[in-house]
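Everything below concerns the one structure shown next.
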Amino acid sequence: MKKTLVACGLFLAAGASIASAQSITAAGATFPAVIYQKWFDEYHKLHAGMQVNYQSLGSGAGIAQLTAGTVDFGASDKPMSDAELKALKTPALHFPTVMGAVVATYNLPGVTKELHLSPAALAGIYLGAVTKWNDKLITADNPGVKLPNSEIIVVHRSDASGTTFIWTDYLSKISPDWQKKVGAGSAVSWPGTPVGGQGNEGVTGLVKQTPGSLGYVELAFAVKNNLGYASIKNAEGAFVKPSFESVTEAAAGAAASMPADFRVSITNAPGKGSYPISSFTWLLIPNHFADAAKSKAIKEFLQWMLTDGQKFATELYYAPLPKSVVTKELAQIERIDGTAPAPAKKTPADTKRK
Amino acid sequence: MNKRLLWRKAVNGVMLTLTGVFTFFTVSCLFLILGFLLYNGFRSLDWGFFYKLPLPPGENGGGMGNAIVGSFEMVGLAGLIGLPVGFLAGVYLSEFEDRRYASLIRYVADLLNGIPSIVVGVLAWALVVKPMQGYSALAGSIALSIMLIPIVTRQTEQFLREVPQSLREAGLALGASKWKMVATVVVPAGSKGVMTGMILGVARISGESAPLLFTALSNQFWAKGLLQPTASLPVMIYTHAISPFDDWNRQAWAAGLVLIGMVLTANILARLVIAKGISVPRG
Amino acid sequence: MATPTVLETPVIRSRTQTGDTLARLVVLGFATLILLVSILAVYELWIASGPAREKFGLGFLVSTLWNPVTEQFGALPFIYGTIVTSVLALLISVPLGVGAAIFLSELAPAKVSDALTFLIELLAAIPSVIYGLLAIFVIVPMMRDYIEPFLKDTLGFLPLFKGYALGVGLLTASLVLSIMTVPFIISVSRESLLAVPREQREAALALGATRWETTWQVVVPYAKLGISGSVFLGLARALGETMAVTMVIGNEPAIHASLLASGSTIATVIAAQFNDASGKVYPAALVELGLVLFLLTVVINAIARLMIMATTRKGSKRI
């Protein structure tokens, strides 16, 4: 027992004495978890004193924990609503980090060719109207692919999820039926009898192990687990394969008209090569930290993330931020414990919210 | 008459065999569990597991050194808090009890014992995490100690009660004061059982995962001090088992093997100790 | 237990008084600490669930709507899941457990019985996450690829077995729970059966009963109270189980008739959603669920202990 006491004392002392070391706790979206973990790992290699402990709990958890004050910053693929922002004790800034694609991933043993899915098919599947893999809506776009006469096991997120928000935001845009019956949100009442998974990880796991299932996950998760994912027909009528290039094209238009607070939706974006279910994902950083050293460390990380960090994006199947967005964000860093004034007028965010 | 007897004998044979089958089935569950853990765990275990840090998802390799240390830290601190409280409360109930108040304490200890582990987690969140505005190993330890205290209390009381009255009277007759008698006669006499209870209690909490989910959370790095979110083996097993990444699943098996090794060793040790019996013959 | 001794005479008393009083205060203090912690626990749970209790009242217990977005919460799907999985688990583990207990107490030679009981009690020491780990990688594939399709083929006409064969769901969770509760039932039932006086068995045998008839019609009814106590103990354990169940139940906050469907118990929904819960009402609703579960397990544990104390020789059982 004495040894434990001494060890405890040393631990506490050690923790207190490393003045330049920062241990930061963050939680949030599972969508960018693959690249965030990579970033924090790489950054720690460069700056041994800086540890960012990122817990991939879901966008809902990220916002909830930021509001409760139990984490230093949060992460979400759904921008915070005005009401959520108001509930914060310390105002927070949205920092887009990367862009990613939400893909329709499936497990169809025997089907090796990549499927083409139209918006109507996707909406039908999730509304419960399209129940079998060999439904006309699917076979029409996939000539030459032998689709089984089995039920589609539809998988969704069981937790409050930004990925769900991106998915339902897209479905609301392309299906008036969906918009009326379900709408967009980080948690919705799913029609039919879908199956729930926890986090991007949970949905990926379920699809991976359940033949005949279809779910929505971030591209990195599908690729790293060798799961098939569909090309979706975009607004211009072309079937686009999700990739960092098609996501970059989707964001191109948005970059030009990016609102000052960076809250924007890029689903169903125009452009022949645009992947229609793309999205930014954000870090939610409070604009003031009680600990000045912590504030400085986070600002330095953000600098790195927006410059050097972006080169990790493509190898992990995320799209790096457009240059114009990066410039605006670098300016926003100064608003954290800084002297930069708030922008003149916030443009209303182009996001749907339940 | 004969037919009836034959039938009864047949039923007798069948039912008794069935009970044997049920027993065999139950025992084989244990061996199956251990078997799977040993097979899958050994394949996944390497020396690096014990000192390396986890790698980002999708990358192979790494280990759970921080989780092992974190578990030891939190269980250790929980023991530091819970063992003395439980022990002394048990001494009170056995040696110094006031009828009514002691009954109340016993009832309340049972109450604490019955709290589901997830609710203990919620409690520790409300008591420690929220006011402190952060997840920490301290919160996790407090949650674990809330679970440890009733176990140790009940065990201590039970084993001290089993110490024969004649020993107490002998101690007093030799002129010892009551507290000296308890400390130098009763407690040593019941020490085997009391220690068993402590070992079993600590083994029990070292396997708990639910109370740590919203208190210690988890950490990919070495937690600096006790006021940081801290990784622990049980929580790591949970997050890595439900993950789709194959390497994380592999790590979950390795962690499972390590955890079960620790827990079962402690349990077997404790039960062997108690099997040797109390060191004093019954009066 | 210290009975008044010669030391209580005035002459010796002064010498020993301070030491004893101090010792008494110390141990009393620590015992009181337990009381304070319990009061604090109940108080905290009560306060933290306040916003939900005020908003929903008793209707919380019967509402099936669980919608974090519109902040409508109802406990019924989780009460349903908790009851279904626990009852189903017991339906499997009670016959299994009592049967094994009978073997261990009546048929097996003492040494074999002790050894086997030791092994079975080790099952109770295995942490919940490890049961979960094994469930995910061993039981779920087995259910998904063999058992559930089989059930659907044979009994699929029943609403109980409709739906996808996913491997995860209420049925799998119940199976895992049954293995987790079996050791408790065996351990306590065996003790109760062993406590039945030998004369009862001998009397029955002398009257010409077979071993089985003796056991089933004489010994077991005699130990009925203890066995029932073990069932309640198993039930209490099953109700509060979190990790293993979360990993295989599918985490759907809804009621479905089929056992193959995903569901949720009170414990699993708290584990799955607590970190997500923002606002005033959402976390309070989860805490209120915790309070409901707490009260349920307290009551059932109390019943269990009363029953067990009435029959086993040593009073409160060391579990």
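Please go through region B:163-178 and pick out each residue that is open to solvent by 20 Å² or more (accessible area, probe 1.4 Å) and more than 9 Å from every other protein chain (Cβ to nearest Cβ).
Within region B:163-178, B:P164, B:S166, B:L167, B:A170, B:L174 meet the criteria.
Identify all residues within region A:239-266 that are among the small types (G, A, S) and either open to solvent by 20 Å² or more (accessible area, probe 1.4 Å) or in contact with an Asp or Glu (Cβ under 8 Å, 6 or more places away or on another chain) (or both); write none if there are none.
Narrowing region A:239-266 to residues among the small types (G, A, S): A:243, A:246, A:250-257, A:260, A:265.
Correct list: A:S243, A:A252, A:G253, A:A256, A:S257, A:A260, A:S265.
Looking at B:M181, is it open to solvent by less than 20 Å² (accessible area, probe 1.4 Å), without any contact (Cβ under 8 Å) to a residue 60 or more places away in the chain and touching a helix residue (DSSP H, G or I) at 6+ places or on another chain (Cβ under 9 Å)? Before the answer, list the steps.
Details: open to solvent by less than 20 Å² (accessible area, probe 1.4 Å): yes; without any contact (Cβ under 8 Å) to a residue 60 or more places away in the chain: yes; touching a helix residue (DSSP H, G or I) at 6+ places or on another chain (Cβ under 9 Å): yes.
The answer is yes for B:M181.
Taking C:V138, is it in the same structural domain as C:P253 (by TED's automatic domain parsing) and at pLDDT 90 or above?
Values: in the same structural domain as C:P253 (by TED's automatic domain parsing): yes; at pLDDT 90 or above: yes.
The answer is yes for C:V138.
Hey, can you tell me all the residues within region B:22-78 that are aromatic (F, W, Y) and either touching a residue at least 24 places away in the same chain (Cβ under 8 Å) or closer than 22 Å to B:L212 by Cβ (or both)? First the steps, then the outcome.
The first filter runs over region B:22-78 and keeps only residues aromatic (F, W, Y), leaving B:22, B:24-25, B:31, B:36, B:39, B:42, B:47, B:49-51, B:72.
Those that are aromatic (F, W, Y) and either touching a residue at least 24 places away in the same chain (Cβ under 8 Å) or closer than 22 Å to B:L212 by Cβ (or both): B:F42, B:F49, B:F50, B:Y51, B:F72.
Kindly indicate the residue of region A:277-321 that is over 17 Å from the mean Cα position of the chain (by Cα), not in a helix (DSSP H, G or I) and not aliphatic (A, V, I, L, M) and also farthest from A:T248 (Cα to Cα) among those meeting that condition.
Ranking the qualifying residues of region A:277-321, first place goes to A:D291.
When only residues in region C:276-285 that are more than 7 Å from chain A (Cβ to nearest Cβ) and hydrophobic (A, V, I, L, M, F, W, C) count, which is farthest from A:K89 (Cα to Cα)? Can you show your working first?
Taking region C:276-285 first, the residues more than 7 Å from chain A (Cβ to nearest Cβ) are C:279-285.
Filter once more, keeping what is hydrophobic (A, V, I, L, M, F, W, C): C:281, C:284-285.
On the way: C:V281: 18, C:A284: 20, C:A285: 23 Å.
Filtering first and then ranking leaves C:A285.
Out of everything in region A:189-203 that is under 19 Å from the mean Cα position of the chain (by Cα) and facing another protein chain (nearest Cβ under 7 Å), what residue ends up being most open to solvent (accessible area, probe 1.4 Å)? Spell out the reasoning first.
Start the filter on region A:189-203 by keeping residues that are under 19 Å from the mean Cα position of the chain (by Cα), which leaves A:196-203.
Keeping just the survivors that are facing another protein chain (nearest Cβ under 7 Å) gives A:196, A:198, A:201-202.
Working: A:G196: 7, A:Q198: 55, A:E201: 36, A:G202: 14 Å².
Only one residue fits best here, namely A:Q198.
Give just the number: which of (1) part of a helix (DSSP H, G or I); (2) more than 24 Å from A:S150 (Cβ to Cβ) does A:L206 not satisfy?
(2)
Testing B:K192 on (1) within 9 Å of chain A (Cβ to nearest Cβ); (2) open to solvent by 30 Å² or more (accessible area, probe 1.4 Å); (3) in contact with a Lys or Arg (Cβ under 8 Å, 6 or more places away or on another chain), one condition comes back false. Which one is that?
(1)
If you scan region C:16-73, which residues turn out to be polar (S, T, N, Q), part of a helix (DSSP H, G or I) and open to solvent by 30 Å² or more (accessible area, probe 1.4 Å)? Even if it seems obvious, please write down each step before you answer.
At the first step, the residues of region C:16-73 found to be polar (S, T, N, Q) are C:16-18, C:21, C:32, C:38, C:49, C:63-64, C:67, C:70, C:72.
Checking the rest, the ones that are also part of a helix (DSSP H, G or I) come to C:16-18, C:21, C:32, C:38.
Selection gives C:Q17, C:T18, C:T21, C:T32.
Taking region A:204-214, which residues are within 11 Å of chain B (Cβ to nearest Cβ) and either among the charged types (D, E, K, R) or within 12 Å of A:Y106 (Cβ to Cβ) (or both)?
As a first pass, look at region A:204-214 and keep what is within 11 Å of chain B (Cβ to nearest Cβ): A:204-209.
Within region A:204-214, A:T204, A:L206, A:V207, A:K208 qualify.
Please find, within region C:250-275, the residue that is nearest to C:V299 (Cα to Cα) out of those that are within 12 Å of chain B (Cβ to nearest Cβ) and assigned to a loop (DSSP other than H, G, I, E, B).
The selected residue is C:T265.
Hey, B:I205 hits all of (1) open to solvent by 10 Å² or more (accessible area, probe 1.4 Å); (2) of a type in the set (A, V, I, L, M); (3) under 30 Å from B:K130 (Cα atoms) but one; which does it fall short on?
(1)
What do you reckon, is A:V182 out of contact with any Cys (no Cβ under 7 Å at 6 or more places or on another chain), surrounded by 22 or more Cβ atoms within 10 Å (Cβ to Cβ) and away from chain B (no Cβ under 14 Å)? I'd like the intermediate steps shown before the answer.
Details: out of contact with any Cys (no Cβ under 7 Å at 6 or more places or on another chain): yes; surrounded by 22 or more Cβ atoms within 10 Å (Cβ to Cβ): no; away from chain B (no Cβ under 14 Å): yes.
It is false that A:V182 is out of contact with any Cys (no Cβ under 7 Å at 6 or more places or on another chain), surrounded by 22 or more Cβ atoms within 10 Å (Cβ to Cβ) and away from chain B (no Cβ under 14 Å).
In region C:191-219, which residues are within 29 Å of the chain's Cα centre (by Cα), open to solvent by 70 Å² or more (accessible area, probe 1.4 Å) and within 12 Å of another protein chain (Cβ to nearest Cβ)?
C:W216, C:Q217
Tell me which strands (runs of 3 or more DSSP E) are completely within region A:47-117 and hold 3 or more residues being more than 13 Å from the chain's Cα centre (by Cα) and modelled with pLDDT of 90 or more, or say none if there are none. Show your work before the answer.
Numbers: elements: A:50-56, A:73-76, A:92-106.
In region A:47-117, the matching strands (runs of 3 or more DSSP E) lie at A:50-56, A:92-106.
For the structure I just gave you, tell me whether C:V129 is buried (at least 20 other Cβ atoms within 10 Å of the Cβ) and assigned to a helix (DSSP H, G or I). Lay out the reasoning, then the answer.
Numbers: buried (at least 20 other Cβ atoms within 10 Å of the Cβ): yes; assigned to a helix (DSSP H, G or I): yes.
Yes.
When region A:56-112 is examined, which residues are found to be in contact with a helix residue (DSSP H, G or I) (Cβ under 9 Å, 6 or more places away or on another chain), among the acidic types (D, E) and open to solvent by 10 Å² or more (accessible area, probe 1.4 Å)?
A:D72, A:E84
Among the residues of region B:253-265, is any open to solvent by less than 20 Å² (accessible area, probe 1.4 Å) and within 14 Å of chain A (Cβ to nearest Cβ)?
no
Being closer than 14 Å to B:M236 by Cα, away from chain A (no Cβ under 14 Å) and assigned to a helix (DSSP H, G or I) is the filter here; which residues of region B:35-67 pass it?
B:F49, B:F50, B:G65, listed by residue number.
Out of region A:178-188, which residues are out of contact with any Gly (no Cβ under 9 Å at 6 or more places or on another chain) and not basic (K, R)? Lay out the reasoning, then the answer.
If we filter region A:178-188 for residues that are out of contact with any Gly (no Cβ under 9 Å at 6 or more places or on another chain), which is where we start, we get A:178-185, A:188.
If the condition is that a residue be out of contact with any Gly (no Cβ under 9 Å at 6 or more places or on another chain) and not basic (K, R), then A:W178, A:Q179, A:V182, A:G183, A:A184, A:G185, A:V188 are the ones that fit.
Within region A:149-176, count every residue that is out of contact with any strand residue (DSSP E or B) (no Cβ under 8 Å at 6 or more places or on another chain) and surrounded by fewer than 16 Cβ atoms within 10 Å (Cβ to Cβ).
1
The values are calculated or read from the model by the stated rules, or taken from the named source; none is laboratory data. Just so it is clear, the model here is predicted, and its values are computed rather than measured. Methodologically, a virtual Cβ is constructed for each residue, glycine included, from the backbone with ideal geometry; neighbour enumeration extends over all protein chains shown. The area values use the complete protein model at the heavy-atom level, side chains included, leaving out ligands, DNA and RNA. Shrake-Rupley method; radii C 1.70, N 1.55, O 1.52, S 1.80 Å.
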